[in-house]
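None of the figures in this text is laboratory data; all of them are computed from the coordinates on show. Predicted model only: the values in this text are computed from it and were never measured. So basically every Cβ, Gly included, is an ideal-geometry build from the backbone, and we count neighbours across all protein chains shown.
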Amino acid sequence: MKHPTFLLVLATATALIAAPALAANNGNHGNSGSHGNAGGNGNGNAYGLATQEASVSADDTSSPGNSHHNNVTALAGAGNAAHASIQGLLHANAHSAVGRVRAYADLNFEAQQLDATTAQALTACNAALSGDSNASSLGGDCSTLTLDALTAANVSQATIDAFNTYAADKTASDTADASAQQALLTVTKNGGNPQVKSYIDGLLAKYYAYLSAQ
């Protein structure tokens, strides 16, 4: 039987010899683990970046045009209620956002019709003016001349009639345009912004088409 002291010395020596090897192995595993973590972080970063880009792409906020669109959308405020369906607009409570949008749309549609009529009347008046020899010295067209100037030039009655028709249509369309604009301002405080108006009118395109078909 070996002496206990000898066995203790032998065990201690064995431990001292094994320790560096274990340390080396643990170090290697540590490096491997570190590498694995690096890989994990690398994958995590790549995934995060891809997600972020997808989000930006979906919102298109990096695009100047879409950023502008988002800004107009924000400025439109309650005007975004124009996204409502035709049936939604037709049956909306008059005091709701959709109801106010419909009130604007109806007035604006009427104004558009009167604007078109006025444009036709102006064309007819200018045609009469150009065919009237007594009007040749006046210069300008029916949109800039006055009835007094036409009368003083002794233009034909046909020219006078055409001018009066245009003037009446212009007054009606101006009144309708003002009413529609006022209605738009009850929808959004930014109704005076042409881009906001254009945006809301674009959303109402199907409703305008529906009104045209009636």
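Does region 171-213 hold any residues that are aliphatic (A, V, I, L, M) and farther than 13 Å from Asp115 by Cβ, and which are they? Within region 171-213, Ala183, Leu184, Leu185, Val187, Val196, Ile200, Leu203, Leu204, Ala205, Ala209, Leu211, Ala213 meet the criteria. Within region 144-151, can one find any residue that is touching a helix residue (DSSP H, G or I) at 6+ places or on another chain (Cβ under 8 Å) and among the charged types (D, E, K, R)? There is no residue in region 144-151 that is touching a helix residue (DSSP H, G or I) at 6+ places or on another chain (Cβ under 8 Å) and among the charged types (D, E, K, R). Here Gln112 passes the criteria (1) outside any helix (DSSP H, G or I); (2) within 17 Å of Gln182 (Cβ to Cβ) except the one numbered (1). Taking the criterion of being crowded, with 20+ Cβ neighbours inside 10 Å, among the β-branched types (Val, Ile, Thr) and farther than 17 Å from Glu110 by Cβ, the residues of region 165-214 that qualify are Thr188, Val196. Among the residues of region 176-198, is any out of contact with any His (no Cβ under 7 Å at 6 or more places or on another chain) and farther than 29 Å from His83 by Cα? No; the residues of region 176-198 include none that is out of contact with any His (no Cβ under 7 Å at 6 or more places or on another chain) and farther than 29 Å from His83 by Cα. Within the option set Thr175, Thr165, being out of contact with any Leu (no Cβ under 7 Å at 6 or more places or on another chain) and touching a residue at least 24 places away in the same chain (Cβ under 8 Å) holds for one residue only, Thr165.
Among the candidates Thr146, Thr159, the residue that is without any contact (Cβ under 8 Å) to a residue 12 or more places away in the chain and over 30 Å from Ile200 (Cβ atoms) is uniquely Thr146.
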